[in-house]
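Accompanying notes for the structure given below.
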Amino acid sequence: MAAPVGPAVCSVALPLPSAHAYRYQIPPDLADRVVPGVRVIVPVRSSEMVGIVTDVADQADPALRSLLLVADPQPLVPASLLELARWTSRYYAAPLGLTLRAALPAALWGRSRLVATLRPGAGSATGVAATVLEQLERSGGRAAAGRLARALQRPVWDALQRLERAGAVELAVEPPRLGPRAGTERTIRLTRALPSLVERERVFGRAGRQRAAFDTIEALGGEAVVRHLVDQLGFSSALLRGLVDRGVAELGTRSTLRDPFRQVASQPPAAPTPAQREALEAVRGLAPGAAGTLFGVTGSGKTLVYLEALRNDVALGGGAIVLVPEIALTPQTVARVRGVFGDAVAVLHSALSNAERADAWRAVATGLRRVVVGARSAVFAPVPRLTAIVVDEEHDASYKNGEAPRYHARDVALRRGRIEGARVILGSATPSLETWAVRDRIPVIRLPQRVGAPGMPPVRLVDLRTAPRVAESGVVPWSQELDAAIAGGLAAGEQAILLLNRRGFANFLQCRACGEVSQCPSCSIALTVHRVPSAL
């Protein structure tokens, strides 16, 4: 029988600070499954790691180590997302492996662990080996090598190898985890139809609660989630098991999506105003791959324009990404987006658990959820048939990633729009200087008026060098105009807010000789330096 034909060598991006991809041989029995974008498990020094195949080649190289396992039946990273990761890696001078690590949920990466197990009757040892044995005993006879090293604050691998040769411990390598399993929930399904009241009377007799449970499950389509029946409808677990004992139902399980925003109430969209309709037509007129800036004052209804612009695309089977600058804004945005798109919305951001992010990622990749809401990392969501990307509050500095790769989600969104032919909508009440400078290429769509509110409040600049001050204020620059405005507001039963840009002359005082920073005696916050009066 002829050997299977396929690529012989592949390049693998690992979540390591390496400028170059690692190369591995492809075993013949895996050649038909190794394609760019698929996850594989490969040997790295004395351990194993999960990596992403970036490309394949036909030229064999016997000097290379062989990959061990193909983790996915289909590529986890689509070709367009792999191209975006390559561009991000080049543009921001970051290793491709670290770029892909930022793009994928942490639960989808993994690394093997070296685990030491104490053997019965282990002999005595000296030096570091004796310390390792003592720590193993305190850990219950089994511990990972990394945990032992952290507990003893010194390397332990050489000592473990000596102990293994002496027969005192047994070393084993645990393979990398490939991510959390899909969530499941218990269900109960009717297996027997009871169409007449006579039959139900004969089966249930005096068991009225069981009959009520049967009727409820039937009304829910013949199958229901056990937790819903118990927690929401008041049926006990024992009562449901009684239906199984009578032969009219069976228990089972089904996959479920871990969604922390499931209970967020959706908000129905409002009717657009004439100004919003005009802006909406301009947004819809953007060509595929083009971008536009929605420049609207606070309260002008930019979010409604976003959602109405996406509605038609999603109805035709397309997908969309809505980026918000802060995680704190996600629940209210999710409520408004779900008011339009219902359960087709997935949420991706770093505050979710690993299992929740992995579930949301898989739901998006399979097309189960076609609208993604999230912070900056959601720009890498694997949305099939991506047609639009919204970057809300595009001027916000939170879109800049603080660690490698130090990407700006707004710029990555613009590049992804060009790669996939998706429109990009940048929204802001105060567009960034970078966006404003290219308004000849990224047209500005204006929403100058607030919805259902009076005009913008008047703003006056007061020059405190010449403005008359209140005599009693002392060194505080308290103008008579400010004093009169606040007094008038309070007399009318209104409220006032005073914003200070910074207290004091400097944020901290540091000794040049020893580097000590003066701190609050009650906590660890550095004391602020004031010049008038001179004090900390």
**Item:** Residue satisfying condition, being hydrophobic (A, V, I, L, M, F, W, C) and either touching a Cys at 6+ places or on another chain (Cβ under 6 Å) or over 29 Å from ALA93 (Cα atoms) (or both), within set ALA60, ALA71
**Value:** ALA60
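Which one is nearest to ARG503 (Cα to Cα) among residues in the stretch 462-481 that are part of a loop (DSSP other than H, G, I, E, B) and open to solvent by 100 Å² or more (accessible area, probe 1.4 Å)? Reasoning before the result, please.
Looking only at the stretch 462-481, we keep the residues that are part of a loop (DSSP other than H, G, I, E, B), and these are 462-468, 470, 474-478.
Then keep just the ones that are open to solvent by 100 Å² or more (accessible area, probe 1.4 Å); that gives 465-466, 475.
Details: ARG465: 19, THR466: 22, VAL475: 14 Å.
So, considering only residues that are part of a loop (DSSP other than H, G, I, E, B) and open to solvent by 100 Å² or more (accessible area, probe 1.4 Å), the one nearest to ARG503 (Cα to Cα) is VAL475.
If I ask for residues that are in contact (Cβ under 8 Å) with a residue 60 or more places away in the chain and surrounded by fewer than 18 Cβ atoms within 10 Å (Cβ to Cβ), which ones from the stretch 7-28 would you list? Outline the logic, then answer.
We begin by selecting, within the stretch 7-28, every residue in contact (Cβ under 8 Å) with a residue 60 or more places away in the chain; these are 13-19, 21.
Result: LEU16, PRO17, SER18, ALA19.
Do the conditions hold for PRO448, that is, is it surrounded by 13 or more Cβ atoms within 10 Å (Cβ to Cβ), under 30 Å from VAL391 (Cβ atoms) and not hydrophobic (A, V, I, L, M, F, W, C)? Explain how you work it out, then say what you get.
Working: surrounded by 13 or more Cβ atoms within 10 Å (Cβ to Cβ): no; under 30 Å from VAL391 (Cβ atoms): yes; not hydrophobic (A, V, I, L, M, F, W, C): yes.
When the stated conditions are applied, PRO448 does not pass them.
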**Fill in**
Apart from one, (1) under 24 Å from TRP361 (Cα atoms); (2) open to solvent by 10 Å² or more (accessible area, probe 1.4 Å); (3) touching a residue at least 40 places away in the same chain (Cβ under 8 Å) all hold for ASN312; the odd one out is (3)
**Prompt:** ARG39 passes all but one of (1) open to solvent by 30 Å² or more (accessible area, probe 1.4 Å); (2) in contact with a helix residue (DSSP H, G or I) (Cβ under 8 Å, 6 or more places away or on another chain); (3) in contact (Cβ under 8 Å) with a residue 40 or more places away in the chain; (4) basic (Lys, Arg); which number fails?
**Reply:** (1)
**Request:** Output the residues belonging to the stretch 276-321 that are within 22 Å of GLY374 (Cβ to Cβ), assigned to a strand (DSSP E or B) and among the hydrophobic types (A, V, I, L, M, F, W, C).
**Result:** ALA291, LEU294, ALA320, ILE321
**Request:** Could you list all residues from the stretch 126-142 that are surrounded by 13 or more Cβ atoms within 10 Å (Cβ to Cβ) and either without any contact (Cβ under 8 Å) to a residue 12 or more places away in the chain or farther than 10 Å from VAL169 by Cβ (or both)?
**Result:** VAL128, ALA130, THR131, GLN135, SER139
**Message:** If a residue must be in contact with a strand residue (DSSP E or B) (Cβ under 8 Å, 6 or more places away or on another chain) and polar (S, T, N, Q), how many such residues does the stretch 383-410 contain?
**Reply:** 2
**Prompt:** Among the residues of the stretch 363-374, is any open to solvent by 10 Å² or more (accessible area, probe 1.4 Å), within 28 Å of GLY301 (Cα to Cα) and within 17 Å of the chain's Cα centre (by Cα)?
**Reply:** yes
**Request:** Confirm whether SER89 is surrounded by fewer than 17 Cβ atoms within 10 Å (Cβ to Cβ) and either touching a Leu at 6+ places or on another chain (Cβ under 8 Å) or not in a helix (DSSP H, G or I) (or both).
**Result:** no
**Prompt:** Within the stretch 61-106, can you find the residues that are within 20 Å of ARG415 (Cβ to Cβ) and hydroxyl-bearing (Ser, Thr, Tyr)?
**Reply:** SER80, THR88, SER89, TYR91, TYR92, THR99
**Prompt:** Hey, MET49 hits all of (1) in contact with a Gly (Cβ under 8 Å, 6 or more places away or on another chain); (2) modelled with pLDDT of 90 or more; (3) assigned to a strand (DSSP E or B) but one; which does it fall short on?
**Reply:** (2)
**Request:** Determine, yes or no, whether LEU414 is more than 30 Å from ALA93 (Cα to Cα) and in contact (Cβ under 8 Å) with a residue 60 or more places away in the chain.
**Result:** no
**Asked** Within the stretch 72-80, is there a residue that is outside any helix (DSSP H, G or I), more than 29 Å from ARG376 (Cα to Cα), modelled with pLDDT of 80 or more and open to solvent by 90 Å² or more (accessible area, probe 1.4 Å)?
**Response** no
**Message:** Quick check on this structure: which one of ASP55, ASP32 is within 27 Å of ALA93 (Cα to Cα) and either open to solvent by 70 Å² or more (accessible area, probe 1.4 Å) or not in a loop (DSSP other than H, G, I, E, B) (or both)?
**Reply:** ASP55
**Prompt:** Out of (1) surrounded by fewer than 18 Cβ atoms within 10 Å (Cβ to Cβ); (2) closer than 30 Å to ARG418 by Cα, what's the single condition that is false for LEU100?
**Reply:** (1)
**Request:** Could you give me the residue pairs with C-beta distances under 6 Å whose first residue belongs to the stretch 95-110 and is closer than 13 Å to ILE52 by Cα and in contact (Cβ under 8 Å) with a residue 24 or more places away in the chain, whose second residue is open to solvent by less than 10 Å² (accessible area, probe 1.4 Å) and of a type in the set (S, T, N, Q) wherever it lies, and which are 6+ apart or on separate chains?
**Result:** THR99/THR88
**Request:** Six or more apart or on different chains, Cβ under 8 Å: which pairs go from a residue in the stretch 508-536 that's closer than 27 Å to VAL476 by Cβ to one that's assigned to a strand (DSSP E or B) and of a type in the set (Val, Ile, Thr)? Could you list them?
**Result:** PHE508/VAL517; PHE508/VAL529; LEU509/VAL517; LEU509/VAL529; ALA526/VAL517; LEU536/VAL529
**Asked** Restricting attention to the stretch 479-533, which residues are modelled with pLDDT of 90 or more and within 17 Å of LEU464 (Cβ to Cβ)?
**Response** SER479, GLN480, GLU481, LEU482, ASP483, ALA484, ALA485, ILE486, LEU498
**Message:** Among the residues of the stretch 412-431, what is the count of those that are of a type in the set (S, T, N, Q) and surrounded by fewer than 18 Cβ atoms within 10 Å (Cβ to Cβ)?
**Reply:** 1
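Restricting to the stretch 396-411, name every residue that is basic (Lys, Arg) and buried (at least 20 other Cβ atoms within 10 Å of the Cβ). Reasoning before the result, please.
Here is the first cut: in the stretch 396-411, the ones basic (Lys, Arg) are 400, 406, 410.
If the condition is that a residue be basic (Lys, Arg) and buried (at least 20 other Cβ atoms within 10 Å of the Cβ), then ARG410 is the only one that fits.
Residue check: is ILE442 touching a residue at least 24 places away in the same chain (Cβ under 8 Å), over 26 Å from the mean Cα position of the chain (by Cα) and either closer than 28 Å to SER89 by Cβ or open to solvent by 40 Å² or more (accessible area, probe 1.4 Å) (or both)? Lay out the reasoning, then the answer.
On the way: touching a residue at least 24 places away in the same chain (Cβ under 8 Å): yes; over 26 Å from the mean Cα position of the chain (by Cα): yes; either closer than 28 Å to SER89 by Cβ or open to solvent by 40 Å² or more (accessible area, probe 1.4 Å) (or both): yes.
When the stated conditions are applied, ILE442 passes them.
The values are calculated or read from the model by the stated rules, or taken from the named source; none is laboratory data. If you're wondering where the values come from, they're calculated on a predicted model, not measured in any experiment. As a convention, Cβ positions derive from the backbone with ideal geometry for all residues, glycine included, and neighbour counts pool all protein chains shown. Ligands, DNA and RNA are excluded from the accessible area calculation, which covers all protein heavy atoms including side chains. Shrake-Rupley method; radii C 1.70, N 1.55, O 1.52, S 1.80 Å.
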